[in-house]
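So the structure is just underneath, and the comments pick up after that.
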Amino acid sequence: EDENRVNDTLVKLARKHDVKLVGTNNTYYQNQEDANAHDILLCVKDGEKQATPIGRGRGYRYGLPNQEYYFKSSDEMKALFKDLPDAISNTQDILDKIEAFQLARDVLLPAFDIPDEFKHEEDLVAGGKRGENAYLRHLVYEGAKKRYGDPLSEEVTERLDFELSVIENTGYPGYFLIVEDFIREARNMDVSVGPGRGSAAGSVAAYCLWITNIDPMKYDLLFERFLNPDRISMPDIDIDFDDEGRSRVMDYVIKKYGANQVAQIITYGTMAAKSSIRDTARVLDLPLFDADRIAKLIPNMSKLNKIFGLDEKALAGKFRSEELEKVNQLLNISEGSDLEAETVNTARALEGSVRNTGIHACGVIITPDDITKFVPVSVAKDSDLYVTQFDNSVVESAGLLKMDF
């Protein structure tokens, strides 16, 4: 009734002020039969029992008033708005205004402040990197003289020129300058820095910048494993700092680039098979003992929907005899009509749903301008920084510079 009153008021205002109406339906789940599973998910989020009545105030819980919040078909929406046909035809206006875009883009590196003598006029006009390449070459060769002695051997010079040409052609001089800068600052602050690991240890340039401390020439390590001219991808240097010093390095990065340009990376925790059983059981008020017993019927690393999607022969081929016996018990429970069956079948619907969010242990994003221009952000209760709403696998596709501290 409240919704109808609101809609009547909106229609009157639209007609009065000649504003177009658009028919919409809030969508929180795909199909109408998912309504109950969604309600249980809301209860999981709030730590409530489903039996608690929906309403406001003490003794009530949050919930949706009906089961109409699913993705309705065109015909269903037309029927709902049959008295306001323009509310449906106006959706085409919105569709016509939608601009398609690609998430993937070239990496967005922050502008690194290089000394004036290395700056080039054309860089300022065209956003080029001649100055960054020249400054990086200078730092690398100065470091090489300390690492390998002066004059440098032909072998070292040849290797450095090759690496620097690849770095220049792939467009990543700024990445090395950024990493060199905060590692140097970390050492100035007496923060312990790891010697380097992974493919970055194959870079002589990184060794000469004191980013790594292992001599690739001595151990015949390949630069191409780190940055390959035939397969251009973002270089990835994992940097190890001691536990206490890490936050001081973070503070330095925030101060240098600005709190509005630095963020941590979100992680999404999803409901696994056993946790979906236990969460659903808690909401439906199935005794803990029974919930544990059912959860233990699921073989480790198995998914409910995988189990229920296999026929008898495939199940026998996938599981050992003792596991198969438990799986068959689980299947039998699901075919019942009691609370245990409801728990198993609802858990199947909820499996894989996002249960909570966290923060990537070491991933840090640095952007060239205000981060909200490039990626949606949120705040997290255990972080003073912004947190990206794209997780680890997506931030790199979106062209964001990711550092692993």
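The values are calculated or read from the model by the stated rules, or taken from the named source; none is laboratory data. This structure is a prediction, so every number in the text was calculated from the model and none was measured. Because the Cβ atoms are built from the backbone with ideal geometry, glycine has one as well, and the counts that use them run over all protein chains shown. These area figures cover heavy atoms from the full protein model, side chains too; ligands, DNA and RNA do not enter into them. Shrake-Rupley method; radii C 1.70, N 1.55, O 1.52, S 1.80 Å.
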_Backbone HN-Hα couplings from phi across region 60-71 [Karplus 6.51/-1.76/1.60, Hz, Gly and Pro as x]_ = 10, 10, 6, x, 8, x, 8, 10, 9, 8, 9, 7
_How tilted is helix 273-284 with respect to the longest principal axis of the chain? Cα atoms for both, answer in degrees (0 to 90, nearest 10)._
40 degrees
_R0 of 56 Å, Cβ-Cβ distance Asp236-Thr91: FRET efficiency to nearest 0.05_ = 0.80
*Length gain on complete extension for the stretch Asn169 to Asn36, per 0.36 nm per residue less the alpha carbon to alpha carbon distance?*
42.3 nm
*Can you send over the carbon and sulfur percentage of the accessible area for region 1-148, probe radius 1.4 Å, protein chains only?*
51 percent
*Roughly how many percent of the accessible protein surface of region 233-347 is carbon and sulfur, given a 1.4 Å probe and a whole-percent answer?*
49 percent
*Taking θ as phi - 60°, what are the ³J(HN,Hα) couplings along region 33-39 by the Karplus curve (6.51, -1.76, 1.60), each to the nearest whole Hz, with x for Gly and Pro?*
5, 7, 4, 5, 4, 5, 4
*Using a Förster distance of 60 Å, the FRET efficiency for Asp75-Ser393 (Cβ separation, nearest 0.05)*: 0.95
*Quick one: net charge of Leu42's neighbours, Cβ under 15 Å, K/R +1, D/E -1?*
+1
*If the viscosity is 1.306 mPa s and the temperature 10 °C, what Stokes-Einstein diffusion coefficient in µm²/s follows for region 1-66 when Rh is the Kirkwood radius over Cα pairs?*
109 µm²/s
*Given N residues in the chain, what is Rg(Cα) / (2.2 N^0.38 Å)?*
1.35
*Is region 265-365 rounded, prolate or oblate when judged by the Cα gyration tensor, a ≥ b ≥ c being the square roots of its eigenvalues, rounded requiring a/c under 1.5 and prolate requiring a/b larger than b/c?*
oblate
*Pick out, from Ile333, Ile239, Ala273, the residue whose Cα sits farthest towards the positive end of the charge dipole of the chain, with +1 on the Cβ of Lys and Arg and -1 on the Cβ of Asp and Glu.*
Ile333
*Highest mean first, what order results for 169-178, 48-57, 93-102 on Cβ atoms within 10 Å?*
169-178, 48-57, 93-102
_5 angstrom amide H check on Thr270, placed H, neighbours 5+ away_ = Arg355
*Linear extension gain, Ala316 paired with Asp292, 0.36 nm per residue minus alpha-carbon span*: 6.2 nm
*Between Leu108 and residues 5 or more places away or on another chain, which pairs have amide H atoms under 5 Å apart, with H built 1.01 Å from N, and which residues are they?*
Leu400, Leu401
*Given a cut-off of under 8 Å on Cα pairs at least six residues apart, what relative contact order in percent is computed for the chain?*
17 percent
*Per residue value of the accessible surface for the chain (all protein chains in place, 1.4 Å probe), Å²*: 59 Å²
*Sorted by accessible area (1.4 Å probe), largest first, how do Glu335, Glu325 line up?*
Glu335, Glu325
